[in-house]
1. Give, as ranges by residue number, the residues of the stretch 93-115 whose backbone N falls under 19 Å from the point 7 Å along Cα→Cβ of D32.
2. Along the Cα→Cβ direction, 7 angstrom out, place labels at A55 and L78. What is the inter-label distance in nm?
3. Using a simple charge model, +1 on the beta-carbon of Lys and Arg, -1 on the beta-carbon of Asp and Glu, nothing else, what dipole does the stretch 29-130 show about its Cα centre, in debye to the nearest 20?
4. With bins 10 Å wide starting at 0, give me the P(r) of the stretch 37-82 over every alpha carbon pair, in whole percents.
5. Out of every Cα-Cα pair in the stretch 77-124, what percent are more than 17 Å apart?
6. Run the quick spin-label model on K95 and D45: label points 7 Å from Cα toward the beta carbon, then report their separation in nm to one decimal.
7. Express the Stokes-Einstein translational diffusion coefficient of the stretch 30-130 in µm² s⁻¹, to the nearest whole number, given a Kirkwood radius over alpha-carbon pairs, 4 °C and a viscosity of 1.567 mPa s.
Amino acid sequence: PTYDASEGWISQGLAYWPVTFAALFVGYLQWDVLWMLYHSSLHFDELAHHLLFIAVTHYVLWGRYFARPFAWLSVTELSTPFLNCRWFLAATGSKGRAYDTCSLLFASAFLATRALGYGMGLVDLWLARD
């Protein structure tokens, strides 16, 4: 189904699930930036990564520009929930079976999305060129 954009949001006319994914993704990035600022754990590379993705997300939703590369880049972020789970367990001193499971899931998702995902994305972008 398509998104009717009755409230006049910038993503007017886009299919609903990409809008939902992008909104959740940008919300996570904004929360993480605030977390870094609040805890004074700001690293320039992480801040630049988050701010760039926030800007690109809004740009893609506004005019459908760079939608294909954005989709491939976003897929590579699918390992992030496992990284957060691993960090939470480490920070609370719960390095047991759950920590090992999260670590394995993170490593698997990271390698699959970064090595395989980026590779497939580059091939797809090359084949889709004008």
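1. In the stretch 93-115, the label zone of D32 (backbone N under 19 Å from the point 7 Å along Cα→Cβ) covers 102-115.
2. So the label points at A55 and L78 sit 2.8 nm apart.
3. Taking the Cα centre of the stretch 29-130 as origin, the dipole is about 200 debye.
4. Histogram of Cα-Cα distances, whole percents per bin: 23, 46, 26, 5.
5. 38 percent
6. It works out to 2.2 nm between the two label points.
7. Rounded to a whole number, D works out at 84 µm²/s.
Each reported figure results from applying straightforward, stated rules to the coordinates on display, with no laboratory input. What you see is a predicted model, and the numbers here were worked out from it, not measured in a lab. Glycine gets a Cβ as well: all are built from the backbone with ideal geometry, and neighbour counts include every protein chain shown.
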